[in-house]
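I have placed the structure first, in the form of structure tokens, so that the comments after it can refer back to it.
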Amino acid sequence: MPLSGKPLTGPRVVLIPSAGMGHLTPFSRLAASLSDLCHVTMVSILPTVSSAESCYLSDFFSSYPDVHSFKFELPPFDSSAYPNADPFFLRFEGINQSAPDLMTHLLTKSSKPVSALIVDITLSTSMVPLAKSFGIPCYILFTASAAMLSFCAYFPTYYDSNSGPIDDIQIPGLKMVPVATIPQALHNPKHVFTPLFIQNGKNLSKADGILVNTFESLEKDTLVALRDGHVQPGFPPVVAVGPLLPVNIPAISGGSEVSPWLDMQPEKSVVYVSFGSRTAMPKEQIRELGRGLEASGCRFLWVVKTTVVDSHDNSELEELLGEGFLERVKDRGLVVKGWVEQEELLQHKAVGGFVSHCGWNSVTEAALHGIRMLAWPRLGDQRINAGVVARSGLGVWEDKWSWEGEKGLVSADKIGKRVKEMMADRRHMATAQKIGEEAQIATRPGGASYEGLVELVRRFEGVE
Ligand code: UDP
Ligand code: G50
């Protein structure tokens, strides 16, 4: 596909996102912000894994004609060696394997040289060395917390010097990472994600710079430790560019009853409950969560998800939540399935708290809008992100609550009690609001995240 969009002027940056809304969202936000400063192309790797990604991409490009689109059709990937693997992990592997093809297409179809690449962390295994071989500066956008970045940077060193099972990990210059918070996949050396994660971590040091979707005041100590070379000697420059600001695109789909319902609720009274775009809970836990929300006595807006890939979800709410649930809570609870405009909801004056899995985008969105959180991480990097939420005071984290792969349910009683406490805690609300103000300041002209991005573009121009 030829490039489209505005005339080619200034440095030209090409962004290569990875699979999943958690990766596509920060990339499109970065693309939109950068397009005010330089010429931006964003690659879409097709077909997408989820329907949400495919709808989002077409809406994004029609709303942001200044961001040039480059489409790449991914050749089929033989996944027979990884039965039952997470489709998003398989896609990370597939893209890395096809990276030389992608790069050749990109460079031969372009009428203007590429000044710099910004690639997703999951693609750094292949993209960092490839970019080097073509002499193109390569930056990594790290889509999770700086805390997770420090873990990724140090994990290969730990792994290579440790022969037994994974244990607590002491990252130099930082707090201990307890074994229970380490992503599930990494306990298994044969897991499709583990070698990729290790190589991605090693390649961080070979990149020209790392952009991370956080802001100075939220993760100051971690950013300092990374920049001082405590975590990895000789680590490249780390630029905190977050929270990346939401893009302005029409509603993707569904969720149309949500806004009118929120409009009718009192200020700060509603707890919003969502576990992101790809974190499915077991059915028994979903029911328990429902009873917990009911027991909390709070108003709630709950987005239910039962499958990892959205198009596979054909469960019925009534059957899922148990007979009579929806009827019992109808005066103060709204339960929806499918996609909602989370970014808009978090800005709504009725929303006063967020029960979240702590996907990093969700955390940055809560931070930007100063919404207090109750963290219930379920997998991957989410517990490490939840640690940031708890340490910063943006939220509370009940760290014994279940994690994917662990047995046992968190009872409705416990959930109800915690939700009620969160919604009653005014001190906590004030801390979250203060974090929101700091986040807003960071992203305005003069703020550290905004200026970090401007300086980066100057570097692309070769000015600095
Ligand atoms: N999101 C949304 N509506 C939904 C589910 C998710 O708008 O129904 C957005 C959410 O605002 C966030 C992204 O999708 O920007 C999900 O990323 P996150 O890192 O929070 O979690 P993941 O889905 O990757 O686990
Ligand atoms: C899912 C998971 C484990 C895990 C992550 C998941 C992440 C995401 C960010 O999304 O950490 C990330 C991806 C690749 C990488 C580094 C960081 O190399 O089950 O860790």
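The values are calculated or read from the model by the stated rules, or taken from the named source; none is laboratory data. Keep in mind that what you see is a predicted model, and the values were worked out from it rather than measured. Cβ coordinates were reconstructed from backbone atoms using ideal geometry, including for glycine residues, and neighbour counts include every protein chain displayed. Surface accessibility is based on the protein's heavy atoms, side chains included, excluding ligands, DNA and RNA. Shrake-Rupley method; radii C 1.70, N 1.55, O 1.52, S 1.80 Å.
Out of all the residues in the stretch 109-140, which are closer than 15 Å to ARG12 by Cβ and not aliphatic (A, V, I, L, M)?
LYS109, SER110, SER111, LYS112, PRO113, SER115, PHE134, GLY135, PRO137, CYS138, TYR139
Considering only the stretch 165-176, state which residues are out of contact with any Pro (no Cβ under 7 Å at 6 or more places or on another chain) and open to solvent by 10 Å² or more (accessible area, probe 1.4 Å).
The answer is PRO165, ILE166, ASP167, GLN170, PRO172, GLY173, LEU174, LYS175, MET176.
Among the helices (runs of 4 or more DSSP H) confined wholly to the stretch 2-120, which include 3 or more residues that are within 16 Å of ligand 2 (Cβ to nearest atom)?
Those helices (runs of 4 or more DSSP H) span 21-34, 87-109.
Taking the stretch 151-181, which residues are touching a helix residue (DSSP H, G or I) at 6+ places or on another chain (Cβ under 8 Å) and of a type in the set (A, V, I, L, M, F, W, C)?
PHE151, CYS152, ALA153, PHE155, ILE166, ILE169, ILE171, LEU174, VAL177, ALA180 - these are the residues of the stretch 151-181 that are touching a helix residue (DSSP H, G or I) at 6+ places or on another chain (Cβ under 8 Å) and of a type in the set (A, V, I, L, M, F, W, C).
Taking the conditions exactly as written (over 25 Å from LEU46 (Cα atoms) and open to solvent by 20 Å² or more (accessible area, probe 1.4 Å)), does THR157 satisfy them or not? Even if it seems obvious, please write down each step before you answer.
Numbers: over 25 Å from LEU46 (Cα atoms): yes; open to solvent by 20 Å² or more (accessible area, probe 1.4 Å): yes.
Answer is yes for this residue.
Any idea which residue in the stretch 268-310 is modelled with the highest pLDDT, counting only those that are within 15 Å of ligand 1 (Cβ to nearest atom) and charged (D, E, K, R)?
Among them, the one singled out is LYS305.
Can you name every residue in the stretch 205-229 that is acidic (Asp, Glu) and within 15 Å of ALA448 (Cα to Cα)?
Selection gives GLU216, GLU219.
Could you list, in sequence order, all residues of the stretch 348-373 that are among the aliphatic types (A, V, I, L, M) and touching a residue at least 60 places away in the same chain (Cβ under 8 Å)?
Listed by number, the residues that qualify are ALA350, VAL351, VAL355, VAL363, ALA366, ALA367, LEU368, ILE371.
Each row is one residue, and each column tells you yes or no for (1) near ligand 2 (Cβ under 9 Å from one of its atoms); (2) surrounded by fewer than 18 Cβ atoms within 10 Å (Cβ to Cβ).
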| site | (1), (2) |
| --- | --- |
| PRO178 | no, yes |
| HIS187 | no, yes |
| LYS190 | no, yes |
| PHE193 | yes, no |
| ILE198 | yes, no |
| SER205 | no, yes |
| ILE210 | no, no |
| LEU218 | no, no |
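So ASN162 passes all but one of these: (1) exposed (fewer than 15 other Cβ atoms within 10 Å of the Cβ); (2) at pLDDT 95 or above; (3) closer than 28 Å to GLY234 by Cβ. Which condition number does it fail?
So ASN162 meets the others, but not (2).
Test each condition in (1) open to solvent by 60 Å² or more (accessible area, probe 1.4 Å); (2) modelled with pLDDT of 95 or more; (3) of a type in the set (S, T, N, Q) for ASN248 and report the one that comes out false.
Result: ASN248 fails condition (2) only.
Sort through PRO83, PRO76, PRO100 and tell me the only one that's modelled with pLDDT under 95, open to solvent by 30 Å² or more (accessible area, probe 1.4 Å) and within 20 Å of SER126 (Cα to Cα). Show your work before the answer.
Working: PRO83 fails: within 20 Å of SER126 (Cα to Cα); PRO100 fails: modelled with pLDDT under 95.
Sole residue among the options that is modelled with pLDDT under 95, open to solvent by 30 Å² or more (accessible area, probe 1.4 Å) and within 20 Å of SER126 (Cα to Cα): PRO76.
Report, ordered by the first and then the second residue, all pairs with beta carbons closer than 8 Å, sequence separation of six or more or different chains, a first member in the stretch 36-60 that is in contact (Cβ under 8 Å) with a residue 40 or more places away in the chain and within 19 Å of ILE249 (Cβ to Cβ), and a second member that is surrounded by fewer than 20 Cβ atoms within 10 Å (Cβ to Cβ) and of a type in the set (Lys, Arg).
Once the first residue is in contact (Cβ under 8 Å) with a residue 40 or more places away in the chain and within 19 Å of ILE249 (Cβ to Cβ) and sits in the stretch 36-60, its partners that are surrounded by fewer than 20 Cβ atoms within 10 Å (Cβ to Cβ) and of a type in the set (Lys, Arg) give VAL43/LYS71.
Going through the stretch 223-252 one residue at a time, which ones are part of a helix (DSSP H, G or I) and either within 30 Å of LEU345 (Cα to Cα) or out of contact with any Leu (no Cβ under 8 Å at 6 or more places or on another chain) (or both)?
The initial filter retains those residues of the stretch 223-252 that are part of a helix (DSSP H, G or I), namely 223-227.
LEU223, VAL224, ARG227, listed by residue number.
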